[in-house]
Amino acid sequence: ADVFNTTQNEFKVAMAEMKTDPNVLSTCASHTVLDKLEALEEQFSKCERALAKWLQVKRQRFPRFYFLSDAELAVIMSTGPVSPKMVTRY
């Protein structure tokens, strides 16, 4: 969670910097922008893989979760203790 929050904050800062110059060509001409965005993409990919592993563990503990998408399962797990009423919605 800390890695995701740090990466998300860095992404927001990068987007705020880009917002100051609305000219796409001049903004993207800088090699530092490309390097920064590639590094952020790598960090987000690591977070996504870690989340997928975590969701897989939850699916192994409760096989009914195999019928849910990653997004649906993440919503269920992020709301706290899983209640049957919450799962039946899906």
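Below, the figures for the structure above:
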| item | result |
| --- | --- |
| Helices (runs of 4 or more DSSP H) completely within the chain that count 2 or more residues being modelled with pLDDT of 90 or more and open to solvent by less than 90 Å² (accessible area, probe 1.4 Å) | 2-19, 31-61, 70-78 |
| Neighbours by Cβ (under 7 Å, 6+ apart or cross-chain): first from segment 6-23, in contact (Cβ under 8 Å) with a residue 24 or more places away in the chain; second polar (S, T, N, Q) and surrounded by 12 or more Cβ atoms within 10 Å (Cβ to Cβ) | THR7/GLN43 |
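The values are calculated or read from the model by the stated rules, or taken from the named source; none is laboratory data. Values in this document were obtained by computation on a predicted structure and should not be read as measured data. Methodologically, a virtual Cβ is constructed for each residue, glycine included, from the backbone with ideal geometry; neighbour enumeration extends over all protein chains shown. Note: accessible area is taken over every heavy atom of the protein model, side chains too, but ligands, DNA and RNA are not part of it. Shrake-Rupley method; radii C 1.70, N 1.55, O 1.52, S 1.80 Å.
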